[in-house]
Amino acid sequence: MSIGKKLRHKAETAEGAAKKTVGKALGNERMEAEGRAQEAKGKAKQAGDQIKQAGRKIKRIFTR
């Protein structure tokens, strides 16, 4: 996984967390929900990246 993609996914997670916090502070339920969704999306992408990376490591082990 490229470092650029990792950074984008982490940034998406952080942006969602910030949006969630601001929405909660302002009492804006819609913004808070959007933030939660964006944060979850970023975390899911990070988890997917970790699974791909683990699969590549396993493949390297068995192709030796």
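Put in order of Cβ neighbour count within 10 Å, fewest first, the listed residues R30, R64 become R64, R30. Among the listed pairs K24/K52; K20/K57; K19/K45, which are separated by more than 30 Å between their Cα atoms? The answer is K24/K52; K20/K57. Rounded to the nearest 10 degrees, the angle from helix 29-62 to the longest Cα principal axis of the chain is 10 degrees.
For the chain, the longest principal axis of the Cα atoms and the long axis of helix 3-26 meet at an angle of about 20 degrees. According to the Cα-based calculation, Rg over Rh for the chain is 1.24, with Rh computed by the Kirkwood formula. Stretched out straight at 0.36 nm per residue, the stretch from A11 to N28 would grow longer than its current Cα-Cα span by 3.9 nm.
Every read-out reported here was derived from the displayed coordinates using simple, explicitly stated rules and does not represent laboratory data. Being a predicted model, the structure only gives us computed values, none of them experimental. Please note: Cβ atoms are built from the backbone with ideal geometry, for glycine as well, and neighbour counts cover all protein chains shown.
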